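Have a look at the structure below before the remarks.
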Amino acid sequence: IDELVGEGVSGKRVFVRADLNVPLDGDTITDDGRIRAAVPTIKKLAESGARVVVASHLGRPKGAPDPQFSLAPVARRLGELLGSQVAFATDTVGDSAKATVGGITDGGVTLLENLRFNAGETSKDDAERGAFADELAALADAYVSDGFGAVHRKHASVYDLPARLPHAAGSLIATEVGVLKKLTEDVERPYAVVLGGAKVSDKLGVIDHLLDKADRLLIGGGMAYTFLKAKGYEVGKSLLQEDQLPAVKGYLERAEELGVEFVLPVDVLAAPEFPDLKTKAPADPTVVAADAIPAELEGLDIGPESRKLYAAKLADAATVFWNGPMGVFEHPDFAEGTKAVAQGLLDSPAFTVVGGGDSAAAVRQLGFDENAFGHISTGGGASLEYLEGKTLPGLAALED
Ligand code: 3PG
């Protein structure tokens, strides 16, 4: 972006593809982390006299306008954060967009309505996506890619649009990619990777790519029970992906050959039923050994001994990547495991990276100061796909 700004952007319409896909409760934004992360690039362009046209997706509407996915609340919040009004276009490439963009003055900022209200944005058909990208390109003189959370999507605004305009990477993209490089190339050791979340199938690609790079992999969350079962333990009513057992067994064996340590829970907090996340009624969990979970119980968090073990495994690490909660942290009875890992990251001298929208939201919801972590990624799927070694369409599109 420095190069683009250096060439002079004053009076130019600069399209910024951001990822402002934030969680909403009605029209209340429950976590504005992604909007805050988008501010530096937008500010820089505005202060340089550009006419900034910001665009993003929100949620997964079905290619047509749908009020529950409107970016209107985001425009208000963005305006508050920028300290200046953001003009909101009530469509993306229609009359409102054309008039709003046409009316921006130098240094002004406008936000277009949800890109995904147009079927061309996410279309699998190159021509349909291309036609929508043409319409977007007509609204701008240059393109800045700064929506890191969406760079793994081969979508019109991410992949096709940069080919149609002079383009640059924004500062958020530069930071995120710099951090992810540190996790895959010349990593400082010991390197600990903490993986949680419900489904082991979502994490196999990362395990596969990082197995020969990490020194230890700490496993928690719902996915841990498939690992425990693969070791031959009883997991009761806990979440289990039977079809993934052969793959997981394979990784356990490969880790042993490579001398990489898989750290699994030694005890878990279990209850007869999944807790009520609305009422948060007490669930009276029991601590049980991880190698013998009773048939009538479901494991819902790592237990107290596991918390100590995981903290110890983080204490002497030099690099830590963490993605996914250790338990059902949304319920207070099952939040301690996730809190212990967050605290373990903070207490460790390591360079710590929290990846994934959910993990970032968990850290903030549990009351931790996000600035105390080395880096909190704004990308969930995007950071995981990068760590799987995949080519991300939105980054490839910038490389020429
Ligand atoms: C995310 O929340 O991970 C990004 O905004 C991408 O959203 P998507 O998974 O709906 O493409």
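The values are calculated or read from the model by the stated rules, or taken from the named source; none is laboratory data. Quantities reported herein were computed from a predicted structural model and do not represent experimental measurements. No Cβ is skipped: glycine too gets one built from the backbone with ideal geometry, and neighbour counts run over all protein chains shown.
Points to keep in mind about this one:
- In the range 114-128, the residues that are outside any helix (DSSP H, G or I) and over 21 Å from VAL16 (Cα atoms): LYS124, ASP125
- In the range 132-156, the residues that are part of a loop (DSSP other than H, G, I, E, B) and not small (Gly, Ala, Ser): LEU139, ASP141, ASP146, VAL151, HIS152, ARG153, LYS154, HIS155
- Residue list for the range 119-167, filter: under 20 Å from ALA382 (Cβ atoms) and either of a type in the set (Asp, Glu) or without any contact (Cβ under 8 Å) to a residue 24 or more places away in the chain (or both): GLU121, LYS124, ASP146, ASP160
- Test: residue in the range 156-179 that is under 30 Å from ALA247 (Cα atoms) and surrounded by fewer than 24 Cβ atoms within 10 Å (Cβ to Cβ): yes
- Unmet requirement for ALA192, which otherwise passes all of (1) within 18 Å of GLY380 (Cβ to Cβ); (2) touching a helix residue (DSSP H, G or I) at 6+ places or on another chain (Cβ under 9 Å): (1)
- Condition check for ALA289: among the small types (Gly, Ala, Ser), surrounded by fewer than 20 Cβ atoms within 10 Å (Cβ to Cβ) and free of Cβ contacts under 8 Å to residues at least 12 places away in the same chain: no
- Flag for VAL320 being of a type in the set (Val, Ile, Thr), at pLDDT 95 or above and surrounded by 24 or more Cβ atoms within 10 Å (Cβ to Cβ): yes
- Within the range 263-285, being of a type outside the set (A, V, I, L, M) and either in a strand (DSSP E or B) or touching a helix residue (DSSP H, G or I) at 6+ places or on another chain (Cβ under 9 Å) (or both) holds for PRO265, ASP267, PRO275, LYS280, PRO282, ASP284, PRO285.
- Residue among LEU180, LEU172 that alone is modelled with pLDDT of 95 or more, in a helix (DSSP H, G or I), within 27 Å of LEU345 (Cβ to Cβ) and within 16 Å of the ligand (Cβ to nearest atom): LEU172
- Enumerated helices (runs of 4 or more DSSP H) restricted to the range 1-86, each holding at least 3 residues that are under 22 Å from THR175 (Cα atoms) and within 16 Å of the ligand (Cβ to nearest atom): 33-47
- For the range 90-101, the count of residues that are within 14 Å of the ligand (Cβ to nearest atom), surrounded by 15 or more Cβ atoms within 10 Å (Cβ to Cβ), at pLDDT 95 or above and among the polar types (S, T, N, Q) is zero.
- Every condition in (1) touching a Pro at 6+ places or on another chain (Cβ under 7 Å); (2) among the acidic types (Asp, Glu); (3) over 23 Å from LYS199 (Cβ atoms) holds for ASP284 except the one numbered (1).
- Cβ-Cβ under 9 Å pairs, at least 6 apart or on other chains, the range 52-64 side more than 8 Å from ARG116 (Cβ to Cβ), far side within 13 Å of the ligand (Cβ to nearest atom) and of a type in the set (S, T, N, Q): ALA55/ASN114; ALA55/SER157; SER56/ASN21; SER56/ASN114; SER56/SER157
- Checking every residue in the range 204-213 against the condition of being at pLDDT 95 or above, touching a strand residue (DSSP E or B) at 6+ places or on another chain (Cβ under 7 Å) and part of a loop (DSSP other than H, G, I, E, B) gives zero matches.
- In the range 345-400, residue farthest from the ligand (Cβ to nearest atom) [restricted to those that are of a type in the set (Ser, Thr, Tyr) and closer than 24 Å to SER56 by Cβ]: THR391
- Contact annotation: residue pairs with Cβ atoms under 8 Å, 6 or more positions apart or on different chains, pairing a residue in the range 339-358 that is under 18 Å from ASP301 (Cα atoms) with a partner that is buried (at least 19 other Cβ atoms within 10 Å of the Cβ) and small (Gly, Ala, Ser), are VAL341/GLY196; VAL341/GLY220; ALA342/ALA362; ASP358/GLY197; ASP358/GLY324; ASP358/GLY380.
- Test: residue in the range 244-254 that is free of Cβ contacts under 8 Å to residues at least 40 places away in the same chain, in a loop (DSSP other than H, G, I, E, B) and out of contact with any strand residue (DSSP E or B) (no Cβ under 6 Å at 6 or more places or on another chain): no
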